[in-house]
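Structure record follows, encoded as structure tokens.
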Amino acid sequence: MLSKQFKKELLKTPRGTRDLLESDLVIFDEIKKRAEELARYYGYHKIQTPAFEHADLFLAALGDTTDMVEKQMYTFRSRGGDHLVLRPEKTVPTMRAYFEHGMQSEPQPVMVYSVGSCFRHESPQKGRFREFTQFDLDILGEDLAVADATTIRMFNLIFKEIKIDATLELNTIGDKECRPIYRKELVAYYRKHFNQLCKDCKRRYKENPLRLLDCKEPTCAELKQKAPQMIEYLCDECKKHFKSVLEFMDTLEISYRLNPYLVRGLDYYSRTVFEFIVTIPPENEKEPARRLEVGGGGRYDYLGDVLGGRHVPAVGGAFGVDRVAEVLRQSADLEEYKGQPPRVFLIQLGDAAKKKSLYLMEEFRKAKIPLSQSLSKDSIRGQLRIASKVGADFSLIIGQKEAMDGTVIIRDMDSGMQESLPFAKVIERLHSKLKSVPFSKRMPKAEFSEEDLNQL
Ligand SMILES: [Zn+2]
Ligand SMILES: [Zn+2]
């Protein structure tokens with residue numbers, strides 16, 4: 001027998017995951033729809049890779065300096081003995097797909113977008129989930145700054161379209177020419193301050209010194225103020241590239257903030273790095289405002305070399321649909337995300353009427369009349385109350401008598417006026433009635449008085 005505790009756990013989603021219900025999904029779907037429309041308009045093609053990949057694919061991409069990322073990956077052995085991983089992100093699978101489908105022989109650049117779940121075993125905290133939805137945009141096979149600018153602009157447009165006020169932060173992390181020199185300088189600087197570093201940073205110092213600039217611990221944050229900055233060590237090519245990206249931003253009137261501490265820990269990243277930040281006001285006076293990264297990305301010119309032994313200059317980024325939805329919930333007027341309420345409510349009384357109405361519903365669907373109903377409630381009062389609550393303009397009433405006669409009563413929910421029509425005429429009549437009711441008049445109708453109901 002199952003223990004009580006176990007039973008209780010059985011009825012909950014695993015830690016760090018959640019169910020998305022209708023009220024979440026209308027927002028999710030609308031975000032995805034708007035992003036997708038923009039992506040398609042600007043020439044991106046949709047791609048969908050599996051939710052899991054060979055673990056070695058990610059291990060190869062991540063190199064040997066990223067134990068943090070490895071720890072966050074959901075790796076497992078399949079029954080056949082394959083070593084697999086639930087994808088922690090989609091850049092690596094996208095590059096894998098580029099090689100697998102010979103996209104290098106198509107006209108370059110290849111522009112793709114994708115949307116789907118990613119998985120990371122992070123410690124759950126507010127707005128962070130172990131399964132989350134990402135919307136990715138990638139341009140593969142182009143090294144010009146226009147590709148970086150296009151990518152950033154796409155996210156800028158998407159956030160505008162979704163009505164999210166996000167600040168763009170930009171940086172460059174150089175390339176194989178200039179980054180090693182910078183890294184040496186950085187290590188030399190931190191060597192002098194090693195004892196002041198937090199525990200995590202002591203580890204980062206050895207494995208991934210660029211990530212030292214990422215630390216939020218107060219002492220580390222103070223140390224980085226005086227740390228050498230990448231921008232001073234850029235080679236001429238990287239300098240030219242970054243300058244060009246910034247010129248595009250100016251031309252496109254996209255405002256940005258240079259953030260010299262914006263870095264990527266993985267070796268396959270190069271040059272441009274960007275993030276979009278939303279500031280969330282504190283819930284009470286004691287708490288500070290929260291900085292929430294809603295999207296970001298950068299250039300990853302060396303990923304192709306690592307995975308496929310072939311140089312594929314590429315740039316891309318992603319935004320978190322969950323996070324954007326969270327921001328929208330807190331800041332935006334969500335009316336437009338809620339979808340149209342049904343305009344017509346179908347009321348049926350008794351078995352004969354229920355049978356008739358199941359048949360009728362399909363006729364209404366074909367006639368594109370949005371309809372809602374309550375299958376079980378058998379009192380006219382109960383059903384009229386629901387019709388009023390959902391904001392329907394008209395109710396269709398089928399009782400015993402109507403089911404026998406082959407008629408339907410149309411009730412105007414505002415005026416209470418009713419008329420009885422044969423089935424065959426109802427659709428035509430409803431079409432003309434719906435056209436005549438202005439949208440502004442809609443939503444929520446008055447409650448019924450007892451007197452009103454008694455007249456029925
Ligand atoms: Zn630190
Ligand atoms: Zn360089």
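Some values worked out for this structure:
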read-out	value
For region 344-450, average projected area of the Cα convex hull in nm²	6.2 nm²
Exceeding the 21 Å Cα-Cα cut-off - candidates 90/243; 199/286; 32/71; 355/401; 32/366; 71/206	90/243; 199/286; 32/71; 32/366
Candidates per trypsin sites (Lys or Arg not before Pro) in region 212-262, loop by DSSP, up to 16 other Cβ within 10 Å	216, 226
Value at 222 nm in deg cm²/dmol, rounded to 500, when DSSP H runs of n ≥ 4 in the chain each add -39,500 (n - 2.57)	-12000 deg cm²/dmol
Inverse of mean 1/r across different Cα pairs in region 51-200, Kirkwood, Å	18.7 Å
Overall Cα dimensions of the chain, principal axis frame, Å, largest first	90, 60, 55
Rounded to 5, percent antiparallel among DSSP beta bridges of region 344-450	55 percent
Local electrostatic count at residue 217 - Lys and Arg +1, Asp and Glu -1, tallied over other residues with Cβ under 15 Å	+4
Whole-Å distance, taken between Cα centres, linking region 382-409 and region 121-181	52 Å
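Quick note: the coordinates plus some simple rules give every number you see, no bench work behind them. Bear in mind the structure is a predicted one, so any value in this text is a computation, not a measurement. Neighbour counts are summed over all protein chains in view; Cβ atoms, including those assigned to glycine, are modelled from backbone coordinates with ideal geometry.
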